[in-house]
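**Student:** Here's a structure for you.
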Amino acid sequence: MKQLLFFLVFLSFFAVSAQNSLSDSDMDSLDQLISDIIETSKKEQKKEKPAAKPKETPKKQKQEAVPAKTKGKKLIVIDPGHGGKDPGAVSGKLREKDVVFKLARKMEKLAANYSNIEVRLTRSKDIFLPLEKRAVIANKMNGDLFISLHANSYKDKNTGGMEIYHLDNTRDEYANKLAKVENRISENTTPLDTILVDMDISYYVGDSLDYAKEIGTGMKNGLKKYGTKLRSYNKGALFYVLVGARMPSLLFEIGYLTNKEDRELLQKDEYLEAIAKSLLDSLSKSKVQ
């Protein structure tokens, strides 16, 4: 197109320059040539128009609008681990993905009783979600706290109890691991991407630890009658599922499916409700802003 315009300008300039030396018939012929070229150009442009239209986005690629979080409420994004083709830890007919999803749904339902918090889930049914997508979902929801729920397993069947980990990148041993974890999130990761993720995590380490301590204390009090062992609640770790969340983040191991006492408790609705209530009570009373 640019070449054609240049050619027309050249012809027009040539016509003006040669006007005194060309005969009237020659000038008429030159005018007709320019007119024909312009007309042809218009026709070509009409033919090209349909191809130039922007392609419509396929329906399946359209993203659903994420509801705004309720004003004045702290939004807790609960991530039930595993799901779909990934059952997680398995003991007999008991599967990790089912236990943590059941707990998440109880938290979602009980949250209606609290005036200052609301709960949303990363998955509302038994589907598989890649690890890296879970934090992305929490970010889109603009959550205030991200909690990934899991149930543990171990070769020693005597090992049992709960564990709460907060996302931490401040220790030297996490430096190399962060780079490896971030590389798994995106094939196009650059050193700058890793630095930015590292800065994000660092910003929320303090609040993550404070949340873990508050929940840990709440669990101790709320689950006394069940004799639940709280193994730890102030340990930092660099979990892949939490990397990328732009908010304080925790990973909560609610028990060991390989431990008889834990396994029996995790199959009781009453016990799961007690965990859910203890968690929500702690978050409702939380002093973390």
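The values are calculated or read from the model by the stated rules, or taken from the named source; none is laboratory data. The structure displayed is predicted, hence computed values, not measured ones. Backbone-built Cβ (ideal geometry, glycine too); neighbour counts: all protein chains shown. Surface areas here come from the heavy atoms of the whole protein model, side chains and all, with no ligands, DNA or RNA. Shrake-Rupley method; radii C 1.70, N 1.55, O 1.52, S 1.80 Å.
**Student:** Just checking, how many residues over segment 113-143 are among the hydroxyl-bearing types (Ser, Thr, Tyr) and either open to solvent by less than 30 Å² (accessible area, probe 1.4 Å) or in a helix (DSSP H, G or I) (or both)?
**Tutor:** The qualifying residues number 1.
**Student:** Taking the options Val241, Val288, name whichever one is in contact with a strand residue (DSSP E or B) (Cβ under 7 Å, 6 or more places away or on another chain) and part of a loop (DSSP other than H, G, I, E, B).
**Tutor:** One residue alone meets the criteria, Val241.
**Student:** With (1) under 15 Å from Tyr211 (Cα atoms); (2) at pLDDT 95 or above; (3) touching a Leu at 6+ places or on another chain (Cβ under 9 Å) as the list, and Gln267 as the residue in question, which single condition is left unmet?
**Tutor:** (1)
**Student:** State all residues of segment 95-112 that are of a type outside the set (Val, Ile, Thr), within 17 Å of Gly81 (Cβ to Cβ) and assigned to a helix (DSSP H, G or I); if no residue qualifies, say none.
**Tutor:** Glu96, Lys97, Asp98, Phe101, Lys102, Leu103, Ala104, Arg105, Lys106, Met107, Glu108
**Student:** Any residue in segment 228-254 that's among the basic types (Lys, Arg): show its pairings with residues that are surrounded by fewer than 23 Cβ atoms within 10 Å (Cβ to Cβ) at Cβ separation under 6 Å, as long as the two are six or more apart or on different chains.
**Tutor:** Filtered contacts from segment 228-254: Lys229/Gly161; Arg231/Gly161; Arg231/Glu163; Arg246/Asn139; Arg246/Asp200.
**Student:** Okay, moving on. Here's a check for you: in segment 72-114, which residue that is in contact (Cβ under 8 Å) with a residue 40 or more places away in the chain and among the acidic types (Asp, Glu) is farthest from Asp269 (Cα to Cα)?
**Tutor:** Asp86
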